[in-house]
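These notes concern the structure reproduced below.
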């Protein structure tokens, strides 16, 4: 019986996704969160929806997946990090 329980727990752990979502600068303050862990998402846009409880996305928000600029329709997978941040300016 113990073997069956351990196999079930192992299978559940393997099938569980983990996507880290991070918010930076003014978005962190606006959303009220610095980081959220999601069980699943198909793309960066869905990650935004889930992590913000469907909050409207400002027009100028930028997104990166695994430290590379991305689009909101860029796919995400288990182990990915999705970051949202306002436009970067400098001089």
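The values are calculated or read from the model by the stated rules, or taken from the named source; none is laboratory data. Just so it is clear, the structure is predicted and the values come from calculations on it, not from any experiment. Every residue, glycine as well, gets a Cβ built from its backbone with ideal geometry; the counts of neighbours run over all protein chains shown.
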(message) For segment 33-57: of the residues being touching a residue at least 24 places away in the same chain (Cβ under 8 Å) and surrounded by fewer than 15 Cβ atoms within 10 Å (Cβ to Cβ), which is nearest to residue 23 (Cα to Cα)?
(response) 55
(request) Would you check which residues across segment 35-64 are in a strand (DSSP E or B), under 15 Å from residue 85 (Cβ atoms) and out of contact with any helix residue (DSSP H, G or I) (no Cβ under 6 Å at 6 or more places or on another chain) and list them? (result) 35, 62, 64
(request) Out of the residues in segment 9-31 that are modelled with pLDDT of 95 or more and in a loop (DSSP other than H, G, I, E, B), state the one that is surrounded by the most Cβ atoms within 10 Å (Cβ to Cβ). (result) 24
(request) Count, please, the residues in segment 73-90 that happen to be surrounded by 11 or more Cβ atoms within 10 Å (Cβ to Cβ), free of Cβ contacts under 8 Å to residues at least 60 places away in the same chain and either under 13 Å from residue 21 (Cβ atoms) or out of contact with any strand residue (DSSP E or B) (no Cβ under 7 Å at 6 or more places or on another chain) (or both). (result) 1
